[in-house]
Amino acid sequence: MRRVAAVASAWLVLCSVSATARAEVRVLRSASLTLDVPSSWSIKGTEDEMLLVDAKGELAIILRVVESKDLAKGLENAEAYIGKHMTGVQWNSQAKPLQIGGMEASNRDGTATYQGRPVRLGSLIVAAPQKTLLLVGVIDRAAEAAHQAELTAFIGSIQPVKHVAAPSSWTVVTPERSADAATDALFSVQYLPPRTPRLKVWADLSHNLKTEQIADALNKTFTMPRAMPIVFLECGTVNAFYTPEKHAILVCYELLEYFNGIFRPTVKTDYELGRKIGGVTMFTLMHELGHAFIGELELPATGKEEDAADQLASIILSRSNETGRESALAAAEWFSIEGRKQLATQDIAWYDEHSFNLERMFDIICILYGDNQAENAALVKQVGISDNRAARCVRDTPKLIKSWKALLKPHGRHSSPQ
Ligand SMILES: [Zn+2]
């Protein structure tokens, strides 16, 4: 079989070394899209630049997430590349408008010859909720019929990430702040039953996290401009969010399931596993709370907001009881596991809005140590933070704490937050 994949692979210059994965639902976060990749296809590259190839190498698809303004150029590049490597390229003159997953799209077909064999070409542009998805596909014409159904299903699966719109079952009440808001419970916790039976176990676990106690403590400490529900729910994606449109924090059952996969190989007992999943979920919740404070209270934030959110989470957990510290450590372990995986595969998104996983791990430990040296000295040695950085942690952490206290002070219920 002439491998049409080779052409696509060469074009995909950014994808030099990366893991080959088999997966069903892929989320393209920067474009806010999801798509289902048949499990027999291989996936290379990053979320924003991905190469999909079927098991026999008869079909290859390049996916690129581009800024809308770069669209024409991106498409030109792709088509020019195909023009250079194939002979007899014939594009149909007109691009056809169509709808994919409710989004505006346009599609163009063509034919060519590659290494003496006829191939079909196709390009597709999808106006995603954020950015634009550019898709160029090459398929061996002799194998066209065999791939038609999965190709149609693949294209049909492209849709906006569901969390953008609230699920219909989600009835979060977000009243404007009333006159006697001083006594209102603005933070509350809701659990939406999952539709997918597999996720029920994580819905059950989420009830055991006692998030109500956290909401209670937040209500006693802060006053918010409006109700701020913390909602556990099935999202169709692995994540947690602060949503400024709904003024809510969402924690997906899928995220708990993902944490189970991360930690299961590291523990001996189910009890230990539960503590770690609970801990890292708590860190995530505090991180989203950081985004929520910045968004709802319109706090000034410079630097990466993701770092600011991690810092707030680490400070709160460091200043809570031993369970808080345990939660911060569970998050550090998560970042360490993911970071080592990224190093091994070199699958690193340098442009990502988050700091790198290993940096996030060190930053958590840095704050724990900066806030309490006696308790965390051994930890700093164990993870290998240099003496210089450790000294920096001791100098910088009180400044971070002071900054967050100053930012939150006007929103404290009685006195400044502890
Ligand atoms: Zn974040």
### The one condition in (1) away from the ligand (no atom under 12 Å from the Cβ); (2) touching a residue at least 40 places away in the same chain (Cβ under 8 Å); (3) among the small types (Gly, Ala, Ser) that Gly295 fails to fulfil
(1)
### Query
Got at least one residue in region 222-244 being surrounded by fewer than 18 Cβ atoms within 10 Å (Cβ to Cβ), within 16 Å of the ligand (Cβ to nearest atom) and within 17 Å of Gly295 (Cα to Cα)?
yes
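How many residues does region 334-359 hold that are within 16 Å of the ligand (Cβ to nearest atom) and either within 15 Å of Glu47 (Cβ to Cβ) or among the polar types (S, T, N, Q) (or both)?
8
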### So Tyr258, is it more than 16 Å from the ligand (Cβ to nearest atom) and within 16 Å of the chain's Cα centre (by Cα)
no
### Query
Do we have any residue at all in region 59-74 that's modelled with pLDDT under 75 and β-branched (Val, Ile, Thr)?
no
### Summary
Residues of region 266-292 being within 11 Å of the ligand (Cβ to nearest atom) and not hydrophobic (A, V, I, L, M, F, W, C), in sequence order, are Thr284, His287, Glu288, Gly290, His291
### Single condition Ala60 does not satisfy, out of (1) without any contact (Cβ under 8 Å) to a residue 40 or more places away in the chain; (2) within 20 Å of His147 (Cβ to Cβ); (3) of a type in the set (Gly, Ala, Ser)
(1)
### Query
Going by the conditions given, is Thr345 under 17 Å from Val280 (Cβ atoms), touching a residue at least 40 places away in the same chain (Cβ under 8 Å) and either of a type in the set (Ser, Thr, Tyr) or touching a Pro at 6+ places or on another chain (Cβ under 6 Å) (or both)?
no
### Message
What's the total number of residues in region 360-372 that are within 14 Å of the ligand (Cβ to nearest atom) and surrounded by fewer than 22 Cβ atoms within 10 Å (Cβ to Cβ)?
### Response
1
### Query
In region 338-353, how many residues are in contact with a strand residue (DSSP E or B) (Cβ under 7 Å, 6 or more places away or on another chain) and of a type in the set (Lys, Arg)?
0
### Message
Just checking, does region 318-340 include any residue being of a type in the set (Val, Ile, Thr) and out of contact with any Ser or Thr (no Cβ under 9 Å at 6 or more places or on another chain)?
### Response
yes
### Query
Can you tell me which of Ala313, Ala349 is surrounded by fewer than 16 Cβ atoms within 10 Å (Cβ to Cβ) and within 24 Å of Leu255 (Cβ to Cβ)?
Ala349
### Query
Got a sec? Which helices (runs of 4 or more DSSP H) wholly within region 312-408 have at least 2 residues that are of a type in the set (Asp, Glu)?
322-345, 357-371, 387-408
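Can you give me the number of residues within region 275-295 that are of a type outside the set (Val, Ile, Thr) and under 11 Å from Ala330 (Cα atoms)?
Number satisfying all stated conditions: 6.
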### Query
Which of the strands (runs of 3 or more DSSP E) contained wholly in region 40-150 include at least 1 residues that are touching an Asp or Glu at 6+ places or on another chain (Cβ under 6 Å)?
59-66, 117-127, 132-140
### Query
When Ala308 is evaluated against the numbered criteria (1) under 21 Å from Pro229 (Cβ atoms); (2) within 16 Å of the ligand (Cβ to nearest atom), which criterion, by number, is the only one it fails?
(1)
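The values are calculated or read from the model by the stated rules, or taken from the named source; none is laboratory data. This structure is a prediction, so every number in the text was calculated from the model and none was measured. Because the Cβ atoms are built from the backbone with ideal geometry, glycine has one as well, and the counts that use them run over all protein chains shown.
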